[in-house]
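*Asks:* Please see the structure below; I have some questions.
The values are calculated or read from the model by the stated rules, or taken from the named source; none is laboratory data. Remember, predicted model here, so these are calculated numbers, not experimental data. Every residue, glycine as well, gets a Cβ built from its backbone with ideal geometry; the counts of neighbours run over all protein chains shown.
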Amino acid sequence: MTAAARKQGAPLLSQPRVQRVLYPVLIGVVLVALWQWMVVAMELPAYLVPSPWLMMQTLVTDWAPLGGALLVTLKITVLSFALATVAGVLISFLFVQSKRIETALFPYAVLLQVTPIVAVAPLIIIWVKNPVAAMTVCAALVALFPIISNTTLGLRSIDPDLQSYFKLNRATRWQQLVRLRIPSALPYFFGGLRISSGLALIGAVVAEFVAGTGGSGAGLAYQILQAGFQLNIPRMFAALLLISLTGVALFVLMAWLTKVALGSWHASELSQD
Amino acid sequence: MNRIEPHTLAPPPELTPAVPAVEVLSAEKTYPNGTQALLPVDLSIAEGEFVTLLGPSGCGKSTLLKMVAGMLEPSDGRLLVWRKPVSQLHDSARRMSFVFQSPTLMPWASVQTNVRLPLDLAGVPRKEADARVTESLALVGLEKFADALPRALSGGMQMRVSIARGLVTQPDLLLMDEPFGALDEITRHKLDADLLELWRKKKLTVIFVTHSIHEAVFLSSRVVMMAARPGRVVEQFHIDEPYPRSADFMVTPAFARQAKQLQDSLLRASSHDEEAAR
């Protein structure tokens, strides 16, 4: 490397922003290469561990069923996430109306959270006729709690002096809500969204497993089940990859949304550089 | 400096105008659990005075200020602001502003929006409000930072924003609860000097809470000395240095003498505590 090239190269690599992408990608490349090498070198059969290359090939050749299933799972995830967000925010507003309401109802929110969705899902699927609606409700139940607890905490986390200032200026309840409580709650709310987006996906996949719906309404979980029965392990891996990528995409989307909504004012959004 | 006898807590006749701005009539604060935050206080503050409540922590100086503001109810006694209970002040033409110990700004809102808050809450039309915000920011020398977020400003600048928010309603009475306590000394001296300037220019009545003897001597026309356990008013002093006061005042023998007198009074008050404790 010439001196000039080193001069240009070094600052780029030492930038935290570049490092944040580069390091995980490097790890990924090394792991995938190791995986490919092991499968080839140890002559592992594809019905046990397919090579990454075979997985990618399967993703392309089986795109018709897999892509359709991805859309179904995405639909349930997004619907349930939206449902959980709306319901969670409404419940939080109810909770902060009075400490008594919260004390009375919060244990039930916890109950909702600690009951395994796998155990409740069959019941919901029996009760709700439409399978998509049933799975959406299941996934929403999983995603609901972080939004309730975070938003409630946020709505209560007001600078007491600032609240005194509002009261001193005879602010109405509505003014306090719009100008003080909601802005104070936003960082907490977005923290809740970030957790819940991942939970909505998990909930959707679990609900699909329990529902076991096939045909045109089949999601990725059904593809995994089917691939398991047929010992079509490469397709199973391809479906798994799609689920993981969906989760990552949701997380990145939420992180971006947080950044846009909170801008530069909140400490959690300050760059650590 | 005239030391005023403890039992004659009114300002001297030459300073008493027709209407006192604030009257504290045997107001006291005892919490339901029996803690005496403040023994009964009688205090009259004339229009245009700069009064400092000085004392150690726990002496009830903030409690007294918050009772004047109407943020705390006295457990007994009354407080009048321009001869009316504080709760009726909003019906009159008089206005009061409160400045907290911390800047107490909305971190998500620009300096402009923060200063405009009391006007927005009162429903002042946006155009008029913005004009007054600009004027108010100019008073504290921050007109260039209207669009900045609070976190982009230093602690001293944030405090200026807080003062601008206090001034934007064009108050007659400014209540300040240790507003510069968290700032470094150099910044504090600067803000003290600016505050005196504003007080004179706007003909404000100021009640200023502090635990700094030097700040009290520099700023006040009158110092109300308080002591702790239980919180009470001990003595009052007039600082008879004419205004305007420059920073040079702080290195004069007169300043040192008056600071010493306050210091002695503070020591006397706390030695009473120790005797009582034994």
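*Asks:* Inspect segment B:167-177 for any residue being out of contact with any strand residue (DSSP E or B) (no Cβ under 9 Å at 6 or more places or on another chain) and without any contact (Cβ under 8 Å) to a residue 60 or more places away in the chain and give the result as yes or no.
*Replies:* No: zero hits.
*Asks:* Separate question: Kindly provide the set of residues from segment B:31-45 that are modelled with pLDDT of 90 or more and farther than 22 Å from B:Pro179 by Cβ, ordered by number.
*Replies:* Scanning segment B:31-45 gives B:Leu39, B:Pro40, B:Asp42, B:Ser44.
*Asks:* Tell me whether segment B:101-110 contains one or more residues that are assigned to a strand (DSSP E or B), closer than 24 Å to B:Arg126 by Cβ and small (Gly, Ala, Ser).
*Replies:* Among the residues of segment B:101-110, not one is assigned to a strand (DSSP E or B), closer than 24 Å to B:Arg126 by Cβ and small (Gly, Ala, Ser), which makes the answer no.
*Asks:* Going by what's in this entry, would A:Ala64 be described as within 27 Å of A:Leu193 (Cβ to Cβ) and part of a helix (DSSP H, G or I)?
*Replies:* Judged against the criteria, A:Ala64 is not a match.
*Asks:* Applying the selection to segment B:46-99, what residues are among the polar types (S, T, N, Q) and under 14 Å from the mean Cα position of the chain (by Cα)?
*Replies:* Those that are among the polar types (S, T, N, Q) and under 14 Å from the mean Cα position of the chain (by Cα): B:Thr52, B:Ser62, B:Thr63, B:Ser97.
*Asks:* Among the candidates A:Ile148, A:Ile195, A:Ile233, A:Ile182, single out the residue that is within 16 Å of A:Ala82 (Cβ to Cβ) and surrounded by fewer than 20 Cβ atoms within 10 Å (Cβ to Cβ).
*Replies:* Just a single option satisfies the conditions, and that option is A:Ile195.
*Asks:* Does B:Val111 satisfy being more than 15 Å from the chain's Cα centre (by Cα) and within 22 Å of B:Leu89 (Cβ to Cβ)?
*Replies:* no
*Asks:* Related question: Any idea how many residues of segment A:223-245 are within 14 Å of A:Met55 (Cβ to Cβ) and part of a helix (DSSP H, G or I)?
*Replies:* 16
*Asks:* With the requirement that a residue be surrounded by fewer than 19 Cβ atoms within 10 Å (Cβ to Cβ) and either more than 8 Å from every other protein chain (Cβ to nearest Cβ) or part of a helix (DSSP H, G or I) (or both), what does segment B:122-131 give you?
*Replies:* B:Gly123, B:Val124, B:Pro125, B:Arg126, B:Lys127, B:Glu128, B:Asp130, B:Ala131
*Asks:* Right, next: Filter segment A:45-62 for residues that are without any contact (Cβ under 8 Å) to a residue 12 or more places away in the chain and of a type in the set (Ser, Thr, Tyr) and give the result.
*Replies:* Across segment A:45-62, the qualifying residue is only A:Thr61.
*Asks:* Inspect all residues belonging to segment A:183-202 and state whether any of them is within 13 Å of chain B (Cβ to nearest Cβ), among the charged types (D, E, K, R) and touching a helix residue (DSSP H, G or I) at 6+ places or on another chain (Cβ under 9 Å).
*Replies:* no
*Asks:* Still on this structure, I have one more. Is it the case, given these coordinates, that A:Thr103 is assigned by TED's automatic domain parsing to the domain that holds A:Gly228 and touching a residue at least 24 places away in the same chain (Cβ under 8 Å)?
*Replies:* Criteria not met by A:Thr103.
*Asks:* Let me ask something additional. Looking for whichever is modelled with pLDDT of 90 or more, crowded, with 17+ Cβ neighbours inside 10 Å and not acidic (Asp, Glu) here; the options are A:Ala109, A:Ala134. Which one fits?
*Replies:* A:Ala134
*Asks:* Could I ask something else about it? Could you list, in sequence order, the residues of segment B:60-94 that are within 14 Å of another protein chain (Cβ to nearest Cβ), in a helix (DSSP H, G or I) and not β-branched (Val, Ile, Thr)?
*Replies:* B:Ser62, B:Leu65, B:Lys66, B:Met67, B:Ala69, B:Ser87, B:Gln88, B:Leu89, B:His90, B:Asp91
*Asks:* Further, regarding this structure: Output the residues belonging to segment A:120-176 that are in a loop (DSSP other than H, G, I, E, B) and either touching a helix residue (DSSP H, G or I) at 6+ places or on another chain (Cβ under 8 Å) or more than 14 Å from every other protein chain (Cβ to nearest Cβ) (or both).
*Replies:* Within segment A:120-176, A:Val128, A:Lys129, A:Asn130, A:Ser157, A:Ile158, A:Asp159, A:Asn169, A:Arg170, A:Ala171 qualify.
*Asks:* Pairs, please: C-beta under 6 Å, at least 6 apart or cross-chain, first residue more than 8 Å from chain A (Cβ to nearest Cβ) and in segment B:98-112, second aromatic (Phe, Trp, Tyr)?
*Replies:* B:Val111/B:Phe145
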